[in-house]
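First up is the structure itself, then whatever we jot down about it.
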Amino acid sequence: MRSNKKFGLAAAVLAGALSLTACNAGAGSSASPEAQQDSVTVALTGEPVNLDFTTTAGAAIPQALMSNVYEGLVEIDQEGKIQPLLAESWELSDDRKTYTFKLREGAKFSNGEPFTAEDVKFSIERVQSDEWVSSLKSKMDVVDAVNVLSDTEVEVVLKQPSNAWLFDMGTLVGAMFDPSGVDDLANTAIGTGPYTIEAWNRGQSIELAARDDYWGEKPGVETATLRYFADAVATTNALQSGDVDVVYNMQAPELLSSFESNDKFQVLEGTSNGEIVLSMNNKEAPFDDVRVRQAVMHAIDRQAVVDTAWNGYGTVVGGPVPPTDPYFEDLNDVYPYDPAKAKELLKEAGAENLDITFTVPTRPYATAVSEIVVSQLAEVGINAKIESAEFPAVWLDQVFTKHDYQMSVVLAVESRDVLAMFNNPDYYLGYDNSKIKDAAAKADASDEAGYAAGMKDVVRTIVDDAAADVLFIFPNIVVADAKVTGIPANSVTEALDLTNIGWK
């Protein structure tokens, strides 16, 4: 991450970017050596609907903008640790409720406005206001007050101690905004980060240009381009032809062997906090019956899903928490693959020979996963009809916003998102959080050991209720030109930090 350069920390940075237009060549082998040193192009398969992650769900917006255009007081390094960013240091009171941040001097927004403590107060309070629509805003509910002490010092008072809050400040809810730069967030992004948006060709690419007035060390390239492809195979074709330099979070693992045997390329397989979630609408029949949800859990052979749909890449964990979280627990034993048990539960629920609609977003992983899931469900008497939903626009509107679905599947990539998904009955999963609400609050206010133990109990309750089936933890596979440097294997937050990417 940038902290590797600025603060001498051990973590390296995330890599990525793509080309400006469909007709532009990338910075790969088709570009001159001089151009190659000044730019990088990264292929992705999911494009933003707009540029406003405060009102629009989905990972594509913060992937492009966080760490690059927007920054927070802190950032999360490659090991999942909290590191200073716009706040150069902080102190925590003895009662663990008051954080006092010392802000970095000289930081400016891309519109020239200085970054001050007033912007911290504005940004945090804006998350708590009606201006923020994203369900992730609940992560700021614990904040009681934000007090400006000086231009470079700000105090944040929590309602009660929180183990989660400072980590969350390193994610998109902690993004710092200029009050004069929020009038048109869907189209204009003004932040303190090392890049500005030079061009946005909707449906094709976003081009980022390095700022001359950035407060920190200058990025490794002058131009970083995020280029979006509808088809996963097209991304690897573009890499082979030199039109892109990096395929980030590769969506065609069956093609890896052709790159692993070619010394012109490098292949990285890292960890991710992304969960492939088989979503069941807990508020709508037939999944308002816990026995039907439990039947689905027993009907799915999750390892077979990984092996068949994703070429064996991915980690089966049995619950909605990746191994990188402090309260992770292997829960595969709760719902072992057991078609007979699934049929028994369906019979008990009076739901034999069940017909459902399976709304599948147009993403490579979703298409691959849905085929084997449908096959396995059919074996226990659940007839799932696939209904394709264009992603992100249609799926976000129909499933995520309107909750108009029975079953779906999606990659959830937000960091430590178990409570965002299950501690909100208005979330698209529709899980009744009455069993976990108080326990989650108690865990968050506990000491470190109590937090981990309490959250494990919360997660156990969620899994016992079969609120959703996490099929596997998504791998972070990166394939790139062998000369590209600064590409860490791990995806630790939604952000695709381009700061340290460069060339040999």
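The values are calculated or read from the model by the stated rules, or taken from the named source; none is laboratory data. Not measured: the values here are computed from a predicted model. Note that we place each Cβ from the backbone using ideal geometry, even for glycine, and neighbour counts take in every protein chain shown. Accessible surface is based on the protein model in full, side chains and every heavy atom, while ligands, DNA and RNA are left aside. Shrake-Rupley method; radii C 1.70, N 1.55, O 1.52, S 1.80 Å.
Structural descriptor for the chain: relative contact order 24 percent, calculated from alpha carbon pairs under 8 angstrom and at least 6 residues apart.
Computed extension length for Lys159-Glu448: 102.3 nm, one decimal, from 0.36 nm per residue of separation with the Cα-Cα distance subtracted. Computed from the C-beta positions of Ser93 and Asp130, the FRET efficiency with R₀ = 35 Å rounds to 0.70. The overall shape of the chain is oblate: from the C-alpha gyration tensor, with semi-axes ordered a ≥ b ≥ c, the ratio a/c is 1.5 or greater and a/b is no larger than b/c. How would you classify segment 352-445 from its alpha-carbon gyration tensor, with a ≥ b ≥ c the square roots of the eigenvalues: rounded for a/c under 1.5, else prolate if a/b is greater than b/c, otherwise oblate? It comes out prolate by the Cα gyration axes.
For the peptides 71-77, 301-307, 38-44, residues were scored by their other Cβ atoms within 10 Å and the scores averaged per peptide; the highest-first order is 38-44, 71-77, 301-307. The phi torsions of segment 273-282, fed into the Karplus equation with coefficients 6.51, -1.76 and 1.60 and a -60° offset, translate into couplings of 9, x, 10, 7, 9, 7, 8, 10, 6, 5 Hz, rounded to whole numbers, with Gly and Pro shown as x.
Phi angles of segment 74-88 translate, via the Karplus equation with coefficients 6.51, -1.76, 1.60 and θ = phi - 60°, into HN-Hα couplings of 10, 9, 9, 7, 5, 9, x, 9, 7, 10, x, 9, 6, 9, 7 Hz per residue; Gly and Pro are given as x. Between Val233 and Thr188, the simple label model (points 7 Å from Cα in the Cβ direction) yields a spacing of 4.3 nm.
Pairs exceeding 18 Å between alpha-carbon atoms, taken from Lys102/Lys159; Lys108/Lys139; Lys402/Lys437; Lys97/Lys139; Lys81/Lys137: Lys102/Lys159; Lys108/Lys139; Lys402/Lys437; Lys81/Lys137. If R0 is 22 Å, the Cβ-Cβ spacing of Glu348 and Arg460 corresponds to a FRET efficiency of close to 0.45. Compared with the alpha-carbon gap, the fully stretched path from Thr308 to Val148 is longer by 52.1 nm at 0.36 nm per residue.
Annotation: peptides 151-163, 364-376, ranked by per-residue average of other Cβ atoms within 10 Å with the highest first, follow the order 364-376, 151-163. Between Asp38 and Lys108, the C-beta separation translates, for a Förster distance of 30 Å, into a calculated FRET efficiency of about 0.80. For the chain, the solvent-accessible area of protein heavy atoms averages 37 Å² per residue (probe radius 1.4 Å; ligands and nucleic acids excluded). Classify segment 57-189 from the C-alpha gyration tensor, please: rounded if a/c falls under 1.5, else prolate or oblate depending on whether a/b exceeds b/c. Since a/c stays below 1.5, the shape of segment 57-189 is classed as rounded. Partners of Lys504 within straight-line reach, counting lysines whose Cα lies under 22 Å from its Cα and excluding those fewer than 8 residues away in the same chain: Lys5, Lys6, Lys218, Lys264, Lys483.
Loop-resident trypsin sites (Lys or Arg not before Pro) (DSSP state other than H, G, I, E or B) in segment 372-462 with no more than 13 further Cβ atoms inside 10 Å of their Cβ: Lys402.
Using a probe of 1.4 Å on the protein chains alone, the accessible area found for Met176 is around 0 Å². Distance between the C-alpha centres of segment 308-334 and segment 254-275: 20 Å, rounded to the whole angstrom. Residues in segment 319-334 carry Karplus couplings, in order, of x, x, 9, x, x, 7, 7, x, 10, 5, 8, 5, 10, 4, 6, 5 Hz; the curve used is 6.51 cos²θ - 1.76 cosθ + 1.60 with θ = phi - 60°, and Gly or Pro positions show x. Ligands, DNA and RNA left out, the accessible area of the chain computed with a 1.4 Å probe is 45% carbon and sulfur. Working note: 222 nm ellipticity from helices only, DSSP H runs with n ≥ 4, each -39,500 (n - 2.57), summed and divided by the residues of the chain, gives -6500 deg cm²/dmol to the nearest 500.
Between segment 142-180 and segment 41-107, the C-alpha centres lie 12 angstrom from each other.
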